[in-house]
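Scroll down for the structure; my scribbles are underneath it.
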Amino acid sequence: MADLVLDHLTIQYGDVKAVDDVSISVASGEFLTLLGPSGCGKSTTLFSIAGLNKATSGSIRMGDKVLFDGATNTFVPPEHRNIGLVFQSYALWPHMTVAENLAFPLKLRRLGKTERDERIAEALKLVEMTRYADRYPYELSGGQQQRVALARALVYRPSLLLLDEPLSNLDAKLRERARVWLRELQERLNVTTIYVTHDQAEALAVSDRIAVMSMGHLRQLGTPKEIYERPADSFVADFIGSSNFLAGRMVQQEASHAVVELKNGTRLRTAPGQARSDGSLVVAIRPERIEIVPELCENSFLAEIGTGTYLGSIYQYHVTIADTELRIQTARELPPGPVHLRIPPEATAVYAEAPGEY
Amino acid sequence: MTDLSVQREGMPVIDRSRLIFWGVAILTAVLVISPLAPIIVQAFLDRPLYMSDAGLTLDNFARLFREAGMLGIFLNTLYFAVLTMAVAQVFGAVMAVIIGRTNLPGRQWIGEIFVWPLFVSNLVIAFGWFTMYGPSGFITLAVRSWIGVEPWNLYSLTGMGVVAGLSQAPLAYLMCLGAVTKADAQLESAARSVGAGPFRALWSVTVPMMRPALIYSAVLNFVIGIEMLAIPLLFGGPSGIQTVTTFLYDQGINAAVRPEYGIVGAAAIILLMLVAFLVWLQGFLMKGSGRFVTVRGKASRPSVLDLGRWRWALFALVFAFVFLTIIAIFAGIFLRSAVTFLTPLVPFWKLLTTANFEMIFSSANYVRSIVNSVVIALVGGLIGTAFVALIALVARRSEFRFARPLEYLALFPRALPGIIAGLGFFYAVVWVPGLDLIRGTIWILMLAFILRYIPIGFGAIAPALSQVGDELDKGARIAGADWLTTVSRIVLPILKPALFSCFALLFIHFFKEYVTAAFLFQPGSEIIGTTMLQLVAQGDNGPVSALATIQVIITAVFVFLARRLLGARIYG
């Protein structure tokens, strides 16, 4: 098992760059997730690794094997890459039973019947589908089909496993169980895995590292904790979890902190950060990090509790601070009326560009 | 998982899939070009194209327009085609709504009968009309003896147009039927919920949705009208009414006596351009038909309209129509084949005879034409299905660089009238050295038929192919299969029902074909259609109807078997 390297990968369709200069290197046995909203280029990237679409420039290497290189016009067709791929729709061949679906890639590799049967039995056992070997795909539930699809991708022991939103067709409860199971299986097999999803909770739960993508660009590459706690830019801060954004101007910039003047003149102490050349910036703060304090102190504001939403485990309220509407989340229900809110400087992040301004 | 990965053998030097892509593309190009090139060349030569001293000229076109009555011929063709289209569209659309959406008694079997004309050649239909409604036809004579005057004249342009239109109505019917029965039931329900009555909902929501089907089949029927040979030949011949096809046919057949290759080539080019323009127009009109897309994911059948007390009145009307224009036509052919003379004045059981069939079966030529027809339909149908399936797979499911051009090329024969395809292959065989080998054999017929009906086969396979999600191919590729293995092991097995339908359609079209063969057959390679043409010309109506009867019976048996054994979908 070798590592996978995407080097300055660009995929262009006409004038549109679906993937723009993306470089990622995936270590052997790693579980990497490509995360982003639809149309961000994550599936395009995945399919170019599989060889199902052809990149425009850059290169894709697996160990010492070059799968694609725009400079030398190298392109290994998908059938020679030895990669396992699970499709969003599972793509089980409807005219073949579960066992036949698994047998097909093994027959192509000219394995004898005995070895084939062993491998199939082993793979089905792995996904707990042994009993269903002789069923046809249409006789299986969505969750079962998903397991068979995974078994089919693993049965020929690929060097790399690619998963294209494999859980998106399952219902919420099943999806949560399936992702735990999937991660356990991946750890057990230690197979290098690239996982594509638009569901951030899923990405945070299963990944070793996450690559956040937007509009073809790689926004941030890091562990789930890094991505959530130290978003590289306001897009990531907005897309992962959720963030409030306060527009302001840089007043004082130190190594340890910064002071920002909000639109209505209030000053706010924040974490250090960069502003644009004209001093404008946005301050990001997550709703659950805004504190309720008994009296006014530094970085605190008087606010009126607005409309609220009951979200089960938490309450979310709309409040207005410095002419900007913010969301706050609390564990307990708040009575309507005035409240003192504090924005802890260490919970803030300062970005030059607001989300959507790229 | 330890490194037990099964390594694939290295990449092959020559990619066999690529060989197939190019092979299919080149074969298709050769097939399409071989009838076209000689006709185009001939149109600009002053002598037959096989003569070495032939020189370039434009005189053929000038002579064509100088030819007496040429303008009349073009106007006749146009009027005939317009009438054909109008009659076919009106009856087809009305029948589609009645059969598809009302509770008319017996609508199931009436719908079945209504598509019968599509299974047989319009030569058979024309002969049936001639037998029943011709100047001395059974029904004509019966009506005349009853009311004293002859109420219609089949031997007129209008008579021809009505007959051709009625024989083409099933085509419009089938397309409109698809549109009205597959319409999303929720659309009509939505109209009902905002206050429309059931008839209003049908009229304002569903009927407009037939528009693409109506436009599409209208152009199709117009083209068929322009290139139709049998009806103008049978009904126009006696009264001296000529259309472009009968002109081409007469000139081409008489070539031995008076070689007029140049004029024929020029007329063929004009016909070709007209039809090509219409096919282009069809595509142009169909643009943006997305707003009429009626078939959506969930299939729920639209409700049936209750005709109430008009149910039986409408039934009587529809039944009379189907009886007089379809059942009577087929009955006339069967009846005529079993009697010495068909007349309402003498009860037919007094004239019963087996002489007509005896004549067919005692002549080696006639028997051979039946055998040839079956062989061509069977073998040609199989080869054609394989070829069309390959074209569809390469055009729609491969990384072949010229996939789209291949599809356009393969669909071009839609714009190639049968008479021109026949003429073109006839020239090609004379012109291209080496092709002499298949001249006058059933192989040249098979080749011409396959070319001509590629679009029909494609139409049976392509929609089924788009139902097969392409991640199934991708899954196979990533699992280690190359293109050829993927299509043969994954796509084709899933496509099996569509392949059977394609074969059945090609069989029927090859079996009933006559126009394309008119210039290509020679003694030894005659088919039912060409033999019937000869017999009609000689006025041997008894044997013609016997042959037509045999053709209908074989077709019926085939359709029954294809539906039962293969589960083929042929016209519904």
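Computed quantities for the displayed model
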quantity	calculated
Charge context of A:GLU187, other residues only, Cβ under 14 angstrom, K/R +1, D/E -1	0
Label-point gap, in nm, between B:MET273 and B:TYR79 - each point 7 angstrom along Cα→Cβ	2.4
q = 0.12, 0.17, 0.23 Å⁻¹, the range A:1-94: log10 I(q)/I(0) [Debye, one scatterer per Cα]	-0.37, -0.75, -1.34
Per-pair calculated FRET efficiency, R0 = 41 Å: A:ALA205 and A:GLN252 via Cβ, rounded to 0.05	0.55
Relative contact order for chain A, counting Cα pairs under 8 Å that sit 6 or more residues apart, in percent	15
Cβ-derived FRET efficiency at R0 22 Å, A:THR223 paired with A:SER28, nearest 0.05	0.80
Local electrostatic count at A:VAL260 - Lys and Arg +1, Asp and Glu -1, tallied over other residues with Cβ under 10 Å	+2
In sequence order, calculated HN-Hα J values of the range B:101-117 (Karplus, 6.51, -1.76, 1.60; Hz; x Gly/Pro)	10, 10, 9, 4, x, x, 5, 4, 6, 5, x, 4, 5, 4, 8, 3, x
Gap separating the Cα centres of the range B:122-197 and the range B:312-386, nearest whole Å	20
Calculated FRET value between B:SER362 and B:LEU492, using beta carbons and R₀ = 45 Å, to 0.05	0.50
Top positive-direction residue, dipole computed over the range A:4-235 with Cβ charges, set A:LEU92, A:LEU35, A:THR192	A:LEU92
Calculated over the protein assembly as shown: convex hull of Cα atoms, volume per residue (Å³)	249
Shielding by other protein chains, A:85-93, mean Cβ within 10 Å	5
Compactness index (Cα Rg / 2.2 N^0.38 Å), the range A:236-351	1.05
Cα shape, the range A:68-173, gyration tensor, a/c 1.5 rule	oblate
Largest to smallest principal axis extent of the C-alpha atoms in the range B:68-353, angstrom	70, 52, 30
Residue mean of other protein chain beta carbons inside 10 Å, A:108-120	2
3J(HN,Hα) from dihedral phi, the range A:22-36, Karplus parametrisation 6.51/-1.76/1.60, rounded to Hz, x for glycine, proline	9, 10, 9, 10, 10, 7, 4, x, 7, 10, 10, 10, 9, 10, x
Over 27 Å between alpha carbons, listed pairs A:LYS125/A:LYS173; A:LYS65/B:LYS474; A:LYS125/B:LYS474; A:LYS42/A:LYS225; A:LYS173/A:LYS225; A:LYS54/A:LYS225	A:LYS54/A:LYS225
Residue-averaged 222 nm ellipticity for the protein assembly as shown, from DSSP H runs of 4+ at -39500 (n - 2.57), nearest 500	-15500 deg cm²/dmol
Spatial separation of Cα centroids for the range A:41-82 and the range A:127-181, in angstrom	25
Unit charges on C-beta of K, R, D, E only; dipole of chain B, Debye	1620
Given charges at beta-carbon only (K, R positive; D, E negative), |dipole| of the protein assembly as shown in Debye	2380
If the convex hull is drawn through the Cα atoms of the range A:4-235, its volume per residue in Å³	128
For chain A, built as a Gaussian network whose Cα springs stay under 10 Å, the top-fluctuating residue of A:LYS17, A:LYS42, A:LYS113	A:LYS113
Distance (nanometres) between label positions extended 7 Å along Cα→Cβ at B:SER145 and B:VAL375	4.6
About the Cα centre, charge dipole magnitude for chain A (Lys/Arg +1, Asp/Glu -1 at Cβ), debye	1100
Separation between Cα centres of the range B:473-550 and the range B:22-71, rounded to whole Å	27
Binned Cα-Cα distance frequencies in chain B - 10 Å width, integer %	3, 15, 25, 26, 18, 9, 3, 1, 0, 0
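Quick note: the coordinates plus some simple rules give every number you see, no bench work behind them. In this text, all values refer to a predicted model and were calculated from it rather than measured experimentally. Cβ: placed from backbone, ideal geometry, glycine included. Neighbour counts: every protein chain shown.
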